[in-house]
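Enquirer: The structure is given below, and queries will be raised subsequently.
The values are calculated or read from the model by the stated rules, or taken from the named source; none is laboratory data. Model, not experiment: these values are computed from the prediction. As a convention, Cβ positions derive from the backbone with ideal geometry for all residues, glycine included, and neighbour counts pool all protein chains shown. SASA here: full protein model, heavy atoms, side chains in, ligands and nucleic acids out. Shrake-Rupley method; radii C 1.70, N 1.55, O 1.52, S 1.80 Å.
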Amino acid sequence: MRRSKLVPEVNAGSMADIAFLLLIFFLVTAVIPKDKGFNRKLPPECPPNTICEGEILERNALRIVINNKDQIMVEGDVINIDELKVVAKNFLDNNGDGSCSYCNGVKADNLSVNPTKAVISLQFGKQTSYNQFIAVQDELTKAYYELRQAYIHNVLKTTTKNMSEDELKQVKNAYPFTLSEAETK
């Protein structure tokens, strides 16, 4: 009498199908982090035979430096990131020469004369973290955004949704986003 030794087998034929379905499930449900960065439009190129460099009055330049320890210094004083937006808004909206009819500034002697002449100079160290650089850029963008929103509401008496192209240009001309990352002299 012969006995056959039957070894029980596990049916692994559907294991590949299950693994494939799990892979698809995790690919579909996984959260992919968005790229970090910011959207800026570079200024137009200087036309040939034109002098595009001009003198900027000392009071029209707000110097912001992010050092290697990620500290933010405005005109040499260390400030917190939460204070930066207010400092930028006060600088931009100062109306130092009284020529800005829509500005609400205090006309301080050490702040910009007009938002159209104001320049924010941003410098950073070689060890500055990208996150701190982006955080500073975000605060400056918020400052411009709030000033432009106030202009739309108070001067144009409209909303962002109802603006025409000409009104959008008017807003951008009233508060031009002038940010320089070049070294100041």
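Enquirer: State yes or no: is TYR102 in contact with a helix residue (DSSP H, G or I) (Cβ under 7 Å, 6 or more places away or on another chain), under 30 Å from THR160 (Cα atoms) and surrounded by fewer than 19 Cβ atoms within 10 Å (Cβ to Cβ)?
Expert: yes
Enquirer: Please verify whether region 118-135 includes one or more residues that are without any contact (Cβ under 8 Å) to a residue 12 or more places away in the chain, hydrophobic (A, V, I, L, M, F, W, C) and assigned to a loop (DSSP other than H, G, I, E, B).
Expert: Checking region 118-135: not a single residue is without any contact (Cβ under 8 Å) to a residue 12 or more places away in the chain, hydrophobic (A, V, I, L, M, F, W, C) and assigned to a loop (DSSP other than H, G, I, E, B).
Enquirer: Moving on to the next point. Mind listing whichever residues of region 56-69 are open to solvent by 80 Å² or more (accessible area, probe 1.4 Å) and within 17 Å of ILE120 (Cβ to Cβ)?
Expert: The answer is ILE56, LEU57, GLU58.
Enquirer: Here's something else I'd like to know. Looking at the structure I just gave you, is GLU83 acidic (Asp, Glu) and in a loop (DSSP other than H, G, I, E, B)?
Expert: No.
Enquirer: Tally up the residues in region 70-96 that are among the acidic types (Asp, Glu) and open to solvent by 80 Å² or more (accessible area, probe 1.4 Å), please.
Expert: Of the residues in that region, 4 qualify.
Enquirer: Out of all the residues in region 122-144, is one or more open to solvent by 80 Å² or more (accessible area, probe 1.4 Å), out of contact with any Lys or Arg (no Cβ under 8 Å at 6 or more places or on another chain) and closer than 22 Å to ARG59 by Cα?
Expert: Scanning region 122-144 turns up at least one residue that is open to solvent by 80 Å² or more (accessible area, probe 1.4 Å), out of contact with any Lys or Arg (no Cβ under 8 Å at 6 or more places or on another chain) and closer than 22 Å to ARG59 by Cα.
Enquirer: If you take the residues in region 45-76 that are among the charged types (D, E, K, R) and either touching a residue at least 12 places away in the same chain (Cβ under 8 Å) or part of a strand (DSSP E or B) (or both), which one is nearest to ALA143 (Cα to Cα)?
Expert: ARG63
Enquirer: Next question, about the same structure. Residue pairs, Cβ under 9 Å, 6 or more apart or interchain, first in region 77-98 and farther than 15 Å from LEU57 by Cβ, second in a strand (DSSP E or B) and open to solvent by 40 Å² or more (accessible area, probe 1.4 Å). List them.
Expert: Close Cβ pairs (under 9 Å, with a partner that is in a strand (DSSP E or B) and open to solvent by 40 Å² or more (accessible area, probe 1.4 Å)) amount to ILE79/MET73.
Enquirer: Do we have TYR151 as open to solvent by 80 Å² or more (accessible area, probe 1.4 Å), of a type in the set (Phe, Trp, Tyr) and not in a loop (DSSP other than H, G, I, E, B) here?
Expert: No; evaluated as a whole, the condition is false for this residue.
Enquirer: Give the residue that is farthest from VAL86 (Cα to Cα), with candidates limited to residues of region 16-68 that are among the β-branched types (Val, Ile, Thr) and at pLDDT below 90.
Expert: ILE18
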